[in-house]
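> What follows is a structure written as structure tokens; I'll ask about it next.
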């Protein structure tokens with residue numbers, strides 16, 4: 001029996017058109033490890049040429065879904081199509097960068113890419129030219145002959161992204177590529193990802209960082225194996241019901257401060273950040289002075305207070321009452 | 001790993017050549033050193049296959065390279081061939097270095113063309129059997145250190161029990177039987193028999209059925225390792 005999604009596509013676009021339209025089509029995908037259900041009937045459609053970010057906390061199932069799409073893991077039930085093919089038949093058009101740093105630290109950047117070029121069956125003469133081009137594309141040509149052990153985290157990640165830029169790859173899956181990178185390396189890396197966007201290349205970015213997901217044309221929020229929301233980043237924020245967020249840096253962080261701040265947060269808990277808290281309130285102008293006064297009364301200094309637009313982390317928190325950086 | 005595959009055998013060639021041959025008559029010292037060099041070369045080949053190979057497999061698994069390769073349009077056989085060729089190059093280097101040190105220490109061998117070629121065939125069988133065992137270890141022992149140390153441990157124990165590192169004649173009969181079945185030790189004895197003489201091998205490992213048994217068990221280990229590796233290391237969870 002054909003799935004609903006496949007039928008829907010076939011009806012709307014005809015079979016051929018459906019294949020061309022969707023780079024990724026996941027229909028009721030379930031993945032179980034023993035009794036633990038990691039993915040629960042996940043449906044996902046990514047258009048050809050789209051930049052899609054799948055955002056969720058660790059353990060939410062996002063890496064498992066990416067691994068299944070990359071044909072590294074099998075699914076328990078459901079159906080997946082990559083440009084109309086089964087994942088195992090779409091390996092030639094799918095490039096996957098796993099979370100771990102898989103490049104060899106003992107080899108140079110150039111040697112690492114030559115290794116992958118040879119694995120992909122390129123002749124040495126072809127590979128040399130191609131590797132040079134790829135190293136230039138990811139901004140590593142000047143460091144091509146340095147050992148990877150001398151690369152920074154950002155350089156190493158860019159080198160690994162170069163392994164999925166060989167010709168013919170249409171779907172690029174990047175699993176948590178910015179984890180562990182410093183802000184400057186992160187910006188540079190995301191700039192590279194932005195450059196990869198074109199009509200022919202579809203990008204799936206797996207992340208738990210809202211600012212990274214913000215760059216995508218569409219974001220799916222995944223929690224406990226279910227995609228709980230999906231839209232353009234701005235629409236997700238707009239439709240979340242969050243108008244403004246008060247971001248507060250405090251001298252103290254404890255339950256007492258959190259409990260006090262929650263009184264100002266409508267129907268919600270406050271979101272704890274590295275330096276303080278985020279409070280969700282509709283009437284920012286009235287709430288802000290009250291917050292400062294109340295904190296002062298309990299001996300907590302406000303180092304900085306500002307009204308900011310909601311982030312994707314805030315949206316995730318609103319929907320799940322859990323931080324996206326939380327581990328299941 | 002370089003230490004266990006190259007350093008350790010060379011150290012024992014040096015120790016063996018100058019300590020174990022102290023009271024031996026001069027006419028047999030050179031061939032005793034030859035037998036020691038062969039044993040240590042075999043030990044190096046064993047370590048390369050049984051510890052280096054699983055260590056590399058575990059390392060590739062741990063740092064995500066295996067995941068990356070699995071996502072690419074590459075068959076397990078291609079990955080396997082790459083590993084075996086790399087291991088072969090490393091094993092040849094290790095064997096040549098150990099024998100060269102043996103020569104430098106005064107080891108001598110009987111060289112005839114046919115014996116030399118036959119010895120190479122037995123060296124290949126040692127390589128094949130060690131690689132088979134290595135793939136089994138690499139498939140089931142997930143952590144790098146665990147894989148390497150399991151391989152080194154198995155190499156040392158099996159070499160001691162099967163007559164690679166101890167004279168065959170001094171083994172109890174049950175271990176002598178094991179030495180004939182274990183293809184690495186029977187191949188070691190065959191090489192020693194061909195290049196140094198029967199008195200150093202302890203028995204005639206080229207008697208009718210023995211070379212066939214050696215080849216059969218070595219190939220069986222290799223095929224078992226290969227099937228296990230391609231089925232379980234490349235298994236989609």
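> From the convex hull of the Cα coordinates of region A:44-115, what is the mean projected area in square nanometres? Can you show the working numbers first?
Numbers: hull surface 26.2 nm².
The directionally averaged projection comes out at 6.5 nm².
> Given R₀ = 25 Å, FRET efficiency for residue A:304-residue A:254 by Cβ-Cβ distance, to 0.05? Kindly include the intermediate steps, with their values, before the conclusion.
Details: r = 18 Å, r/R0 = 0.73.
After rounding, the FRET efficiency stands at 0.85.
> Relative to the longest principal Cα axis of chain B, at what angle does helix B:210-228 sit, 0 to 90 degrees, rounded to 10?
20
> Mind checking A:111-122 for the average number of partner chain beta-carbons within 10 Å of each residue's beta-carbon?
On the way: counts 0, 0, 0, 0, 2, 4, 0, 1, 8, 3, 3, 0.
So the per-residue partner count for this stretch is 2.
> For the pair residue A:292/residue A:226, report the inter-label distance in nm, with labels modelled 7 Å from Cα in the Cβ direction.
It is 4.2 nm.
> What ranking of B:77, B:4, B:234 emerges when the number of other C-beta atoms within 10 Å of each C-beta is taken as an exposure proxy, fewest first? Each step should come with its number before you reach the end.
On the way: B:77 11, B:4 24, B:234 18.
Ascending Cβ contact count within 10 Å gives the list B:77, B:234, B:4.
> Compute a Gaussian network model of chain A, connecting alpha carbons closer than 10 Å, and tell me which residue from A:118, A:313, A:133 fluctuates the most.
A:118
> Given only helices, namely DSSP H runs of n ≥ 4 each adding -39500 (n - 2.57), what is the per-residue ellipticity at 222 nm of chain B, to the nearest 500 deg cm²/dmol?
Values: 11 runs with 171 residues, N = 237.
Only helices count here, giving -24000 deg cm²/dmol.
> Please build a GNM for chain A, connecting alpha carbons under 10 Å apart, and tell me which residue among A:296, A:89, A:223 fluctuates the most.
So, out of A:296, A:89, A:223, the one fluctuating most is A:296.
> Between region A:220-254 and region B:126-162, how far is it from one alpha carbon centroid to the other, in angstrom?
Between the Cα centre of region A:220-254 and that of region B:126-162, the gap is 51 Å.
> If the chain between residue A:263 and residue A:40 were fully stretched, how many nm would it gain, using 0.36 nm times the residue separation less the Cα-Cα distance? Mind showing how you got there, number by number?
Working: separation 223, 0.36 × 223 = 80.28 nm, distance 3.52 nm.
So the extension gain works out to 76.8 nm.
> Under the rule of -39500 (n - 2.57) per DSSP H run of 4 or more residues, summed and divided by the residues of chain A, what mean residue ellipticity at 222 nm is obtained, to the nearest 500 deg cm²/dmol?
Working: 11 runs with 116 residues, N = 328.
Theoretical 222 nm ellipticity from helices: -10500 deg cm²/dmol.
> According to a simple spin-label model (label point 7 Å from Cα along Cα-to-Cβ), what is the distance in nm between residue B:208 and residue A:79?
The modelled label-to-label distance comes out at 6.4 nm.
> Once R0 is set to 45 Å, what does the formula 1/(1 + (r/R0)^6) return for the Cβ-Cβ distance between residue B:120 and residue A:129, expressed as a FRET efficiency to the nearest 0.05? If you can, show how the numbers build up before the last one.
Details: r = 40 Å, r/R0 = 0.88.
It comes out at approximately 0.70.
> Specify the residue with the greatest mean-square fluctuation among A:35, A:157, A:92, computed from a Gaussian network of chain A linking alpha-carbon atoms under 10 Å apart.
A:35
> Also: How long is the gain from residue A:188 to residue A:30 if the chain were fully straight, where each residue apart is worth 0.36 nm and the alpha carbon distance is subtracted?
Details: separation 158, 0.36 × 158 = 56.88 nm, distance 3.54 nm.
Residue separation times 0.36 nm, minus the Cα-Cα distance, leaves 53.3 nm.
> Where does region B:111-236 land on Rg(C-alpha)/(2.2 N^0.38 Å)?
Working: Rg = 15.5 Å, N = 126, 2.2 N^0.38 = 13.8 Å.
This ratio for region B:111-236 stands at 1.12.
> Averaged across the residues of B:68-79, what count of C-beta atoms belonging to other chains lies within 10 Å of each residue's C-beta? Mind showing how you got there, number by number?
Values: counts 14, 4, 8, 15, 13, 12, 5, 0, 0, 0, 2, 1.
Average neighbour count from other chains, rounded to a whole number: 6.
> To continue, here is another question. Residue A:197 versus residue B:236, label points 7 Å from Cα toward the beta carbon: distance in nm?
Once both label points are built, they end up 3.1 nm from each other.
> Please pull out the direction-averaged projected area of region A:212-297, using the convex hull of its alpha-carbon atoms, in nm² to one decimal place.
On the way: hull surface 27.1 nm².
Projected area, direction-averaged: 6.8 nm².
> What FRET efficiency comes out for residue A:274 versus residue B:170 if R0 is 41 angstrom and r is the Cβ-Cβ distance? Round to the nearest 0.05. Provide the component values of the computation, followed by the final result.
Numbers: r = 68 Å, r/R0 = 1.66.
Efficiency for this residue pair is about 0.05.
> What is the projected area of the convex hull of the Cα atoms of chain A, averaged over all directions, in nm²? Provide the component values of the computation, followed by the final result.
On the way: hull surface 78.6 nm².
Mean projected area for chain A: 19.7 nm², to one decimal.
> How long are the semi-axes of the equivalent ellipsoid of chain B, defined as square roots of 5 times the Cα gyration tensor eigenvalues? Whole Å, largest first. Don't jump to the answer; show the numbers that get you there.
Values: eigenvalues 214, 66, 46 Å².
Its equivalent ellipsoid spans semi-axes of 33, 18, 15 Å.
> Cut-off is 10 Å between beta-carbons; in what order do A:318, A:36, A:41 appear when sorted fewest neighbours first? Please list the in-between numbers first.
Working: A:318 18, A:36 8, A:41 15.
Ordered from fewest to most neighbouring Cβ atoms within 10 Å, A:318, A:36, A:41 come out as A:36, A:41, A:318.
> Beyond 31 Å, what percent of the Cα pairs of the protein assembly as shown remain?
Percentage above 31 Å: 60.
> I would also like to ask the following. Binning at 10 angstrom from zero up to the longest distance, how are the C-alpha pair distances of region A:160-215 distributed in percent?
Percent of Cα pairs in each bin: 22, 60, 18, 1.
We did not get these values from a lab; they are worked out from the coordinates using the rules stated. As the structure is a computational prediction, the values presented were derived from the model and not from experiment. Glycine also receives a Cβ, built like all others from the backbone with ideal geometry; neighbour counts cover every protein chain displayed.
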